[in-house]
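Below is one structure, written out as structure tokens, with a few remarks after it.
Just so you know, all these numbers are worked out from the coordinates, no wet-lab data involved. In this text, all values refer to a predicted model and were calculated from it rather than measured experimentally. Every residue, glycine as well, gets a Cβ built from its backbone with ideal geometry; the counts of neighbours run over all protein chains shown.
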Amino acid sequence: MLGDERVSDAYAKNAEFWITIVRDKLDPYQTLLTDPALLDFIGDCEGLSVLDAGCGEGYLTRELIRRGADHVAGVDTCREFVDAAIGHPEHQPGRASFHHADVADLPLAEDSVDLVVVNRLPNGIDQPETRFREFARVLKRSGRLILLGMHPCFYAARAERTAAGSDDFSIDDYFGVRTVEQRFNVEGKVSPAASVQQFYSLEAYIQMITSAGFVIADLREPHPTVEQRRQNPWWDQNFRRPLFLMLECIPNN
Ligand SMILES: C[S@@+](CC[C@H](N)C(=O)[O-])C[C@H]1O[C@@H](n2cnc3c(N)ncnc32)[C@H](O)[C@@H]1O
């Protein structure tokens, strides 16, 4: 099995669940918040060579090609996702390639991509810093690395919030390594297996990125607008802390 065993095992069991959630656009956090924020952050991708790291079933790869990217390589450790991406009716083999591989050992040449996008890839468990060194290796010196993930300072599992009645976790958990295991419930659909995510403090996370040779160029925390909150009270019930962190990193030339 490729990648962190516990992470990969959960994705294999949840593959069908996630393909349905993504293709039927069932997750409001993704469709209304993180996707628009990520695409805005990426900006113009016309003519770029892109790595979609942890591409899942490939929706972002297809979107970046629609937006004019020259070529997108999707990489994922889950065979079921890679097969689904290749089998999608909009897959364009000339402009997209999907690889069953670990982001910590990329099947791409040095200095070969203009943009690395890391969209909702869980943090690595075993030697988490390795993947940042791989991103630095494949990225051109003029390139950008864009990371979107759960916010390390505020994200607590849904189950923890319900059980404890608050979003708190201890300071020892925060500055140690925090493991969050949970089944996902999206619009009443519950994932068959509990996913495993490991969180590091913001300080440790940034350290991994900078020691791989990047500087942080920009930071965003995607959140609902006042208008979204006014139109739908769901946001105030379900978005009580910043849940997402997005970073733009550039090589420290
Ligand atoms: C939450 S899903 C996100 C998928 C896709 N980026 C999206 O936003 O729909 C995380 C993905 O990362 C993949 N993954 C986990 N660890 C990986 C690793 N070490 N290398 C490559 N892919 C990995 C999983 O198989 C899964 O497809």
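Tabulated data for the structure shown
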{"quantity": "Helical segments meeting 20 Å axial Cα length and Kyte-Doolittle 0.0 threshold in the chain (DSSP H)", "calculated": "none"}
{"quantity": "For the chain: relative contact order, % (alpha-carbon pairs under 8 angstrom, 6 or more apart)", "calculated": "19 percent"}
{"quantity": "Gyration tensor verdict on segment 1-138 (Cα atoms; rounded if a/c is under 1.5, prolate if a/b is larger than b/c, oblate otherwise)", "calculated": "rounded"}
{"quantity": "Dipole in debye (nearest 20) - segment 1-140, about Cα centre, beta carbon charges: Lys, Arg +1; Asp, Glu -1", "calculated": "160 debye"}
{"quantity": "Check: the chain dipole with +1 on Lys, Arg Cβ and -1 on Asp, Glu Cβ, in debye", "calculated": "400 debye"}
{"quantity": "Over segment 144-253: Rg over Rh, Cα atoms, Kirkwood Rh", "calculated": "1.01"}
{"quantity": "Selection from Y29, A73, I42 lying farthest towards where the dipole of segment 25-101 points positive, charges on Cβ", "calculated": "A73"}
{"quantity": "Ratio Rg/Rh, restricted to the chain and using Cα atoms, in which Rh is the Kirkwood radius", "calculated": "0.94"}
{"quantity": "Value at 222 nm in deg cm²/dmol, rounded to 500, when DSSP H runs of n ≥ 4 in the chain each add -39,500 (n - 2.57)", "calculated": "-9500 deg cm²/dmol"}
{"quantity": "Cβ-Cβ FRET estimate between R241 and V177, R0 fixed at 22 Å, reported to 0.05", "calculated": "0.65"}
{"quantity": "Residues whose placed amide H lies under 5 Å from that of G74, excluding near-sequence neighbours", "calculated": "D52, S97, F98, H99"}
{"quantity": "C-alpha center-to-center spacing [segment 180-205, segment 61-134] in angstrom", "calculated": "21 Å"}
{"quantity": "Unit charges on C-beta of K, R, D, E only; dipole of segment 81-159, Debye", "calculated": "320 debye"}
{"quantity": "Label-to-label distance, nm, for residues given as V215 and K189 (7 Å Cα→Cβ offset)", "calculated": "4.4 nm"}
{"quantity": "Net charge of neighbours whose Cβ lies under 15 Å from the Cβ of A69, counting Lys and Arg as +1 and Asp and Glu as -1", "calculated": "-1"}
{"quantity": "Amide hydrogen neighbours beyond the local backbone of R144, cut-off 5 Å, H modeled", "calculated": "L115, V116"}
{"quantity": "Average Cα contact separation per residue, segment 84-164, under 8 Å, 6 or more apart, as relative contact order %", "calculated": "32 percent"}
